[in-house]
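Scroll down for the structure; my scribbles are underneath it.
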Amino acid sequence: MANQFEVVVIGSGPAGYVAAIKAAQLGKKTAIIEKWVKDDGKTTWGGTCLNVGCIPSKALLQSSEMFAESAHGFEDHGIQIKSPKIDVAKMLERKDGIVNQLTTGVAGLLKGNGVTSFEGKGKLKSGKVVEVTKNDGSVEEIQAENVILAMGSIPVEIPPTPTDGDIIVDSTGALEFNEVPKRLGVIGAGVIGLELGSVWKRLGSDVVVLEAMDTFLAAADGAIAKDAFKSFTKKQGLDIRLGARVTGSEIKGKEVEVTYQDSEGEKKETFDKLVVAVGRRPYTEGCLSDDSGVKLDERGFIFVDDQCRTTVPGVYAVGDVVRGPMLAHKGSEEGIMVAEIIAGHNAQMNYDAIPNVIYTHPEIAWVGKTEEELKSEGVDYKAGAFPFAAIGRAMAAGDTQGQVKILADAKTDRVLGMHIFGLGASEMIAQGVIALEFASSAEDLQLTCFAHPTLSEAVHEAALAVDNMAIHKV
Ligand code: FAD
Ligand code: NAI
């Protein structure tokens, strides 16, 4: 067979393209297949993250944050701006420019590393043969020594609110509104609901978030989630309704009427746009032939072991299509691990040290165990917390919301978790990730010299607070 490769990757998201580049860098003859075609008919690389996920959402978060600051946050600094206006088309154009720069950058990186690209839909057949159905309908077969499945995920749809691409949309639609909706409904107070809800709220929408669960951000540390809920609802005016289960919707002209059930009974709300953000699910449809031998788990994820091996020797799966958090950096690390394993190296991932960040204002970030998890696991722990209200740099920045919280083992002093709600949390959490990776003790952080004045001093003080030794204790 003409097309023979040592490694064939299906999907070019952050899991797949990173795996392909790493495999090529390790000397493997590598190919990658991508099926995503843009409106202009051209293939786009980089998957959900670069095209409709991490990057465009952060571009809009940045623009909307600057608008909100210019509208409400500059007076204290003595800066007066008369009624700033938002040009939504220009904001979207800027976002699209960043996406374009990065997706073409990925294509360039693949080429530069000698990875062969196939444009079309890949399907794994038995015997590690991968069939590529190209965009013109023609079919080509590739023989692989190793296959890395990295097909990613797609939004979950729920029967009460079928998306129509106009009034009821998923996260991709919420990145494309060409004007600020007057009333915006969001189903799901998860990561997407909070980030994209924040974007449009800052630009002027009345945002109502309907969340089925009674607990806000159940995966986060309870104290941090409590701080965040208070800030988002009271300070920013996001109307987050917990325990609100959506049961139906009806499009009436240019509006949608949503029916939901809460502890008081059935209620209705009308919105100009509705974003459905109730989670994502692994995408495997039409990607695996019946005799491929690759098994899925009960939730539809490709079943893999700790090193991302599927049930077929030489076939691996990484990223959103397998268990674990659906995060770009988790997928990329898995991709690197698998490329190393294929190259015969010893490699593994530390799934206990994957950072989570929610890019709200302020940001929420954590790594490791929450206090609730430690309690339920019966771990004897110590906790230290320090508020940004007592940090000079936070005062200078005009944003003293939130805290840093550190959890450490009561006997060994080893850091078990770091939780931050505050300005710059997404950058600061790397300190917690390094602490966990290096198996640091709280004392290691206590004995470290942090620059002054920085927001990171709150990490230092929280580490000191673990042993009740904070200097600027309030
Ligand atoms: P994907 O990025 O989904 O890529 C899979 C690729 O495979 C796609 O390009 C798809 O077209 C292609 N494909 C699928 N099947 C085939 C096939 N049969 N043949 C060929 N190609 C195929 N994560 C973060 O860590 N930080 C964030 O800030 C963040 N923000 C997000 C914001 C939004 C709005 C969304 C929706 C997601 C966000 N995520 C974020 C999640 C992140 O995008 C995903 O975790 C990440 O993209 C998963 O990477 P992946 O490579 O596994 O899959
Ligand atoms: P999510 O799992 O974070 O949140 C979904 C929310 O919807 C949950 O709180 C859930 O209880 C709620 N929900 C589910 N069904 C509901 C219903 N019928 N009615 C009301 N509420 C309902 O999922 P989300 O926000 O869609 O994001 C998907 C994934 O994308 C996340 O798991 C995350 O990993 C990734 N992502 C990561 C980002 C980041 O790292 N900053 C940003 C955006 C997405």
Complete set of residues in the stretch 258-288 that are surrounded by fewer than 15 Cβ atoms within 10 Å (Cβ to Cβ) and within 26 Å of the chain's Cα centre (by Cα):
279, 285, 286
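In the stretch 254-267, which residue that is within 15 Å of ligand 2 (Cβ to nearest atom) and assigned to a strand (DSSP E or B) is farthest from residue 212 (Cα to Cα)? Step through it out loud before you land on a result.
In the first step, residues of the stretch 254-267 are kept if they are within 15 Å of ligand 2 (Cβ to nearest atom); the result is 256, 258-263, 266-267.
Remaining after also requiring assigned to a strand (DSSP E or B): 256, 258-262, 266-267.
Numbers: 256: 19, 258: 14, 259: 13, 260: 9, 261: 9, 262: 8, 266: 13, 267: 13 Å.
Of everything passing the filter in the stretch 254-267, 256 is farthest from residue 212 (Cα to Cα).
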Only residues that are within 12 Å of residue 315 (Cα to Cα) and either in contact (Cβ under 8 Å) with a residue 24 or more places away in the chain or surrounded by 14 or more Cβ atoms within 10 Å (Cβ to Cβ) (or both): list them for the stretch 289-305, please.
292, 293, 294, 302, 303, 304
Can you name the number of the only condition in (1) surrounded by 14 or more Cβ atoms within 10 Å (Cβ to Cβ); (2) under 22 Å from the mean Cα position of the chain (by Cα); (3) on the phi < 0 side of the Ramachandran plot that residue 308 fails?
(3)
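Give the stretch 52-61 a look and list any residue that's of a type outside the set (Ser, Thr, Tyr) and either surrounded by 22 or more Cβ atoms within 10 Å (Cβ to Cβ) or within 12 Å of ligand 2 (Cβ to nearest atom) (or both), or say none. If you could, list the steps in order and put the result at the bottom.
Filtering the stretch 52-61 for residues of a type outside the set (Ser, Thr, Tyr) gives 52-56, 58-61.
Listed by number, the residues that qualify are 52, 53, 54, 55, 56, 58, 60, 61.
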Applying the selection to the stretch 371-401, what residues are in contact (Cβ under 8 Å) with a residue 40 or more places away in the chain and closer than 19 Å to residue 468 by Cα?
371, 382, 383, 384, 385, 386, 387, 388, 389, 390, 391
Which pairs have Cβ atoms under 8 Å, sit 6 or more apart or on different chains, and link a residue in the stretch 51-74 that is under 14 Å from residue 96 (Cβ atoms) to one that is charged (D, E, K, R)?
56/95; 56/96; 57/195; 59/94; 59/95; 60/95; 63/94; 63/95
With the structure loaded, tell me whether residue 335 is within 21 Å of residue 48 (Cβ to Cβ) and surrounded by 19 or more Cβ atoms within 10 Å (Cβ to Cβ) or whether it fails that test.
yes
Are there any strands (runs of 3 or more DSSP E) wholly within the stretch 269-343 with 3 or more residues that are under 16 Å from residue 148 (Cβ atoms) and either modelled with pLDDT of 95 or more or within 16 Å of ligand 2 (Cβ to nearest atom) (or both), and if so which?
315-317
Where the second residue is more than 12 Å from ligand 1 (Cβ to nearest atom) and in a loop (DSSP other than H, G, I, E, B) and the first is of a type in the set (Phe, Trp, Tyr) and lies in the stretch 181-210, which pairs have Cβ atoms under 9 Å and are six or more apart or on separate chains?
200/177; 200/180; 200/181
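The values are calculated or read from the model by the stated rules, or taken from the named source; none is laboratory data. Everything numeric here is computed off the predicted structure, so don't read it as measured data. Backbone-built Cβ (ideal geometry, glycine too); neighbour counts: all protein chains shown.
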